[in-house]
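The values are calculated or read from the model by the stated rules, or taken from the named source; none is laboratory data. Fair warning: this is a prediction, and the values are worked out from it, not measured in the lab. Cβ placement follows ideal geometry from the backbone for every residue including glycine, while neighbour counts extend to all protein chains displayed. When the accessible area is computed, the model is the full protein with side chains, heavy atoms only, and any ligands, DNA or RNA have been set aside. Shrake-Rupley method; radii C 1.70, N 1.55, O 1.52, S 1.80 Å.
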Amino acid sequence: GTAARRCSSTMPKKKKGGGKGRRAKKGGDKKFDQTKKVFNAEDDYEKVEKVPLYLVEDLASKNRDVVVDGLDMVEPGKGKLLLHRTRLKLSQTRRYGLCGKNGIGKSTLLALIASGKLKEFPSHLKVLHVRQEVPCDSRPVVQFVAECDPEFKFLSEEEERMYDFLEDENAELDFDPQERLEKIEERRRDIGVDSAIARATNIITGLGFTKEMREKKTEDLSGGWRCRVALACALFVAPDLLLLDEPTNHLDFPGVTWLENYLKNYKKTCVVVSHDKTFLNNVVTDIVHIENKKLNYYKGNYKSFEKVRAENRRAAEKAYEAQQMKIQKMKEFIERFKKDENQASLVQSRMKELAKMEREGLAEEVKDEKELSFRFPEPSKLDHDIARIIDMSFGYDSKKMVLKNVNFNVTMKDRVGVLGVNGCGKSTLLKLILEMLEPTSGKIEFNRHARVAYFTQHHMDLLDPSLTPVEFLQQKFKGDNIKTHEARKHLGRFALSGDLQLQPIGSLSGGQKSRVSFAALTWKQPHVLVMDEPTNHLDIETIEALIGAVKAFNGGVIMVSHDQYFLESIAEEFWGIDDKGDTARFLDIDEAKEFSYASCFEDKKKKSSGSNSKTQKMKKAKKERDAQRKAEKRERDAKRKAEREARETKEREEREKRAQEQREAFMNEMAEREKKEEEQRKAREAVEAAKKAEQDRIKAEKARAEAEAKRLADEKKKAEMEAQKAAEAKKAAEEAKKQPQTLTKLRTVASQFKIDEKAIQVLAENEIDDDDIADLEKSDLKDLGLKMAQIVRILKAAKTF
């Protein structure tokens, strides 16, 4: 649907008076609402109540860029934070491709922008969001689109209001109705009210509506064509900011090409969410990538974005490695010299530098992105072709054939892409091959032993959101009695593991749901995959995984898709169907497109050199052409592969060379730094050595002085000892002279007490002097025992006992 935003300003109101003329006939005055109005898919397209700012203000000079800072966004109903403190910046005339992994918040962001709830969002901008069907009615398509802009209805009603004010003589107004009428007329010219039918016709024709369909009631259209009506309405209104969510889902190649050309000439701002890489490369001027809850901006298309992002990742990896190497060297230096007083200043310098790096924020490690991948089960061997189509024609009405004289074979080695305008019979051909329809003439021989997996663009609608993936498989294939571990093993092939297998399907993301559907459709190990627009509801990541899975599949593949990148990545041959029901086989997608869509481009002449012929000569010529084209294709592919490998080798060598140069530059820088530090260290060591030598000299001199003083002290002490010895010798000599006299006296006294000679010698040796002898002489003790006691006392007195 479309969601258009208008913002109103103060509108002077009629103060009094019953009202006359046309306004009075409608039932009197009504108060005019002056608040902001947001139009969305749920609004009544006929109901318009607000006054746009351009009727009361001059908006020509107002800036139409969008800048919203500090944006936070949560997932509706779940509270999960999708964006945090990021900046939304959209410049006028730029076309943005909004990209990111599945479930990261792309569609939620578009809905938030269209809701009018962003505080800093410019209120004067007109915004439309295309995301679903419009509420259709009985009006023809061209009329519905021409009248889809609620502003048309409002301008008519406002013009009638102004005429009422002019006719009402009692109206008290503080504005000029005539001036307002001039602004209304100017606005009608600006938005092309008079050319509405012509513009609407041009748009819906470009989107694939035939003349008959243009006059068809919108309520009679299918869901896919209603989505095209919604897109046509958005393009018709031409808002200041156009928000498109998967606009190519229901378009064929001509419709996609027309939309690409239309958007490339769009003079206002556009934001697109699309899984189609080719569409993004052809349309957008900038990429907004959602990652780590931030909006990251890149100039250029999707191809340029992939290249720049890869280069940024490599540069970030190198920066991280260089920083880690620097940190490691500094830590090693600190650990080595932390106890060395001579290196203390350098250690402190390293520690401060480390702390500064941590404060400013270290480079984050660039982790390898985990690429989504899954694989289809291997089919069993099949002896014959899967299907043979022989002179088959089909028509829902026998008077009008949808397909004519179709002759194709399908084997397990075929990779076929089917091209044609919408309604030409692509899906019908698939159903005929699968025997869901019976051919009107001719026959289709289908191998009864071949198993088929049929993917439709609505295959996810068959999932039960209340069941887990394991329960869904077990319920869908009750007859196989699938055990839990068997179901989990099969789901694991499609990157559904762990808790994902046990969560309700309704809580899974869109990509995860699609993988559950793929797992269910391939449970029977099909020999051929038949896919009808399989990429319509997939994101780029899941499409890449699907491409890898199909390439690795060893069975046959037949697919209908408008995604050129998907077709070129997988298909090896193409079946073209033109608007007359004729078919042809091609090896080049451009030739197939030229044949299939010739009626859509007036400047291209239809080429039918590859069409089938019943004559043997034409069949032989066709076979030779196909063989030649196949050989040329192989040659081109080999050349492209060689060029790509050479280019990749050159880029790899250049990257390695740059990395080596950076490493060498870093090592040279570190070597120069270490050399300088070594020189500084040696200079400091020289200074320290000089200081130490001076200290040693002073210490030596002090030691010599102390030694000399000690020598003098020793000599003095020696002299004193010699003098003492001399004195002692002198004394000993004197005592020796005295001893004989003392001994004589002792013998004389001792004889009185009958003391033998030995005892006398002992007394003499113990330095018994004359005083002691006098004491003995004075003693009047007669008893020998008492005399001996007296001798002992004398010995004690002499301190020798």
Residue match in the stretch 294-302 (condition: aliphatic (A, V, I, L, M), crowded, with 16+ Cβ neighbours inside 10 Å and in contact (Cβ under 8 Å) with a residue 60 or more places away in the chain): yes
Unmet requirement for Leu207, which otherwise passes all of (1) under 15 Å from Ser156 (Cβ atoms); (2) surrounded by 13 or more Cβ atoms within 10 Å (Cβ to Cβ): (1)
Tally of residues being open to solvent by 80 Å² or more (accessible area, probe 1.4 Å) and either assigned to a helix (DSSP H, G or I) or in contact (Cβ under 8 Å) with a residue 24 or more places away in the chain (or both) across the stretch 374-383: 3
Selected residue (criterion: farthest from Leu434 (Cα to Cα)) from residues of the stretch 562-581 that are at pLDDT below 90 and open to solvent by less than 10 Å² (accessible area, probe 1.4 Å): Asp563
Members of the stretch 238-250 that are more than 21 Å from Lys268 (Cβ to Cβ) and surrounded by fewer than 23 Cβ atoms within 10 Å (Cβ to Cβ): Asn249
Subset tally (residues that are of a type in the set (Ser, Thr, Tyr) and within 12 Å of Val130 (Cβ to Cβ)) for the stretch 205-262: 1
Long-range neighbours under 7 Å by Cβ, at least six apart or interchain, first residue at pLDDT 85 or above within the stretch 308-330, second in a helix (DSSP H, G or I) and among the acidic types (Asp, Glu): Met330/Glu353
Those residues of the stretch 528-541 which are in contact with a Phe, Trp or Tyr (Cβ under 9 Å, 6 or more places away or on another chain) and more than 18 Å from Ala453 (Cα to Cα), in sequence order: Ile540
Residue in the stretch 177-191 that is modelled with the lowest pLDDT, counting only those that are open to solvent by 30 Å² or more (accessible area, probe 1.4 Å) and not basic (Lys, Arg): Asp190
Positions within the stretch 351-365 being open to solvent by 100 Å² or more (accessible area, probe 1.4 Å) and assigned to a loop (DSSP other than H, G, I, E, B), in sequence order: Glu364, Glu365
Hits in the stretch 461-476 - residues which are open to solvent by 80 Å² or more (accessible area, probe 1.4 Å) and either over 18 Å from Ser509 (Cβ atoms) or among the β-branched types (Val, Ile, Thr) (or both): Glu471, Gln475, Lys476
Selected residue (only one of Thr257, Thr285 is within 25 Å of Leu419 (Cα to Cα) and of a type in the set (Ser, Thr, Tyr)): Thr257
Among (1) buried (at least 16 other Cβ atoms within 10 Å of the Cβ); (2) over 21 Å from the mean Cα position of the chain (by Cα) - the single one Tyr96 does not satisfy: (2)
The listed residue being modelled with pLDDT under 80 and over 30 Å from Leu434 (Cα atoms), out of Leu372, Leu346, Leu354: Leu372
Single residue of the stretch 154-176 satisfying the filter (among the charged types (D, E, K, R) and at pLDDT below 80) that is nearest to the chain's Cα centre (by Cα): Asp174
Candidates Gly506, Gly511, Gly479, filtered to the one that is touching a helix residue (DSSP H, G or I) at 6+ places or on another chain (Cβ under 9 Å), surrounded by fewer than 18 Cβ atoms within 10 Å (Cβ to Cβ) and among the small types (Gly, Ala, Ser): Gly506
Residue satisfying condition, being open to solvent by 10 Å² or more (accessible area, probe 1.4 Å), aliphatic (A, V, I, L, M) and closer than 24 Å to Asp194 by Cα, within set Val142, Val127: Val142
Selected residue (criterion: nearest to Ala545 (Cα to Cα)) from residues of the stretch 242-294 that are charged (D, E, K, R) and assigned to a helix (DSSP H, G or I): Lys277
Selected residue (only one of Ser393, Ser398 is open to solvent by less than 50 Å² (accessible area, probe 1.4 Å) and either of a type in the set (S, T, N, Q) or without any contact (Cβ under 8 Å) to a residue 40 or more places away in the chain (or both)): Ser393
Filtered residues of the stretch 463-504 (kept if closer than 20 Å to Ile543 by Cα and hydrophobic (A, V, I, L, M, F, W, C)): Leu463, Leu491, Phe494, Ala495, Leu496, Leu500
Pairs where the first residue, in the stretch 87-115, is within 22 Å of Gln512 (Cα to Cα) and modelled with pLDDT under 90 and the second is hydroxyl-bearing (Ser, Thr, Tyr) and open to solvent by less than 20 Å² (accessible area, probe 1.4 Å), C-beta under 7 Å, 6+ apart: Asn102/Thr542
Qualifying residue in the stretch 591-612 (condition: among the aromatic types (Phe, Trp, Tyr), modelled with pLDDT of 75 or more, farther than 30 Å from Val416 by Cα and in a helix (DSSP H, G or I)): no
Number of the exception - Thr218 against (1) of a type in the set (Ser, Thr, Tyr); (2) more than 32 Å from the chain's Cα centre (by Cα); (3) open to solvent by 30 Å² or more (accessible area, probe 1.4 Å): (3)
Residue that is part of a loop (DSSP other than H, G, I, E, B) and touching a Ser or Thr at 6+ places or on another chain (Cβ under 8 Å), where the choices are Leu467, Leu437: Leu437
Residue list for the stretch 538-561, restricted to those being surrounded by 24 or more Cβ atoms within 10 Å (Cβ to Cβ) and within 13 Å of Ser373 (Cα to Cα): Thr542, Leu546
Any hit, the stretch 334-349, residues being in contact with a Lys or Arg (Cβ under 8 Å, 6 or more places away or on another chain), surrounded by 14 or more Cβ atoms within 10 Å (Cβ to Cβ), touching a residue at least 12 places away in the same chain (Cβ under 8 Å) and in a loop (DSSP other than H, G, I, E, B): no
Neighbours by Cβ (under 7 Å, 6+ apart or cross-chain): first from the stretch 425-447, more than 19 Å from Asp532 (Cα to Cα); second open to solvent by 30 Å² or more (accessible area, probe 1.4 Å) and among the basic types (Lys, Arg): Glu445/Arg388
